[in-house]
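What follows is a single structure, written as structure tokens, with notes after it.
The values are calculated or read from the model by the stated rules, or taken from the named source; none is laboratory data. This structure is a prediction, so every number in the text was calculated from the model and none was measured. Cβ placement follows ideal geometry from the backbone for every residue including glycine, while neighbour counts extend to all protein chains displayed. To get the accessible areas, we keep the full protein, side chains included, count just its heavy atoms, and leave off ligands, DNA and RNA. Shrake-Rupley method; radii C 1.70, N 1.55, O 1.52, S 1.80 Å.
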Amino acid sequence: MKQWISVCLLVCLLIGGADVATAAQGKRYDDRDIVYMTFDDGPRAETLLLLDVLKKHRVKATFFITGKYMKGNEETLRRIVAEGHTLGLHSMTHDKKLFYKSPQSAVNEMKRVQQLIFETTGVKTNIMRVPYGSVPHMTKAHRLAMEKAGFYMWDWNVDSLDWKRKNNQRLLQYETIQRVRMNRANNIASVVLMHDQSTTPASLNYILRHLKRERYTFRTTAGVTEPYNFYNKWKAGKSQ
Ligand SMILES: [Zn+2]
């Protein structure tokens, strides 16, 4: 009888512990006050300016790396790592036709850039963002192949549109900050998409100044095993 009571107690403790662990993890990656700053299409010359701005504000970010830009920018890649940021994968070619040709071609490109990053920095990352995001080009077969290969796929829920609004920085800054605030109101974290390009560092500086004033916590995607993506939203219907 005593043994049964012990077993019951143990089971209750384990179940209770699991609940607590789940709640804690939920809080950790998807808290309303968390912002993930993410940058695609580097490394390029502009990446250095982004790193300066991030350092000034003491913010850590995630850089999704495109393999074709790595040659000649190896030092930049090492600086990203040395300054505590996270590296992710963003394909080799960034070519829609080549990358999405088949599930295997997509996986192969990610594995190749993963290997190049490892050779350059010693960092092995399995965090990735596919070119143009997981909708509409990723089929279910592509997704399953990526999962099977062990990649964690990240999209975004705040598109800064920095590629489109090069001549309207004020609008870009205002809308980005507003969308982060909306996510906070909807109790989800923000994943902000920006690019390694000429006008972005100045806007980043403005956006970070405001978000820090509003007491957001900045995180990188490292170690988050519940990535935000378009088909697996943290809280269905509350984002995008
Ligand atoms: Zn891209």
>> If I filter region 185-196 for residues that are at pLDDT 95 or above, open to solvent by less than 50 Å² (accessible area, probe 1.4 Å) and away from the ligand (no atom under 16 Å from the Cβ), do I get at least one hit?
In response: yes
>> Report every pair of residues separated by at least 6 positions or lying on different chains whose Cβ atoms are under 7 Å apart, first residue within region 173-186 and under 13 Å from ASN157 (Cβ atoms), second basic (Lys, Arg).
In response: ARG184/ARG32; ASN186/LYS238
> So which residues in region 119-156 are touching a Gly at 6+ places or on another chain (Cβ under 8 Å) and within 16 Å of the ligand (Cβ to nearest atom), if there are any at all?
Replying inline: ILE127, MET128, ARG129, TRP154, ASP155, TRP156
> In region 153-181, which residues are within 19 Å of GLY42 (Cα to Cα), modelled with pLDDT of 95 or more and among the aromatic types (Phe, Trp, Tyr)?
Replying inline: TRP154, TRP156
> For region 61-78, what are the residues that are buried (at least 16 other Cβ atoms within 10 Å of the Cβ) and either among the small types (Gly, Ala, Ser) or farther than 26 Å from LEU98 by Cα (or both)?
Replying inline: ALA61, GLY67, THR76
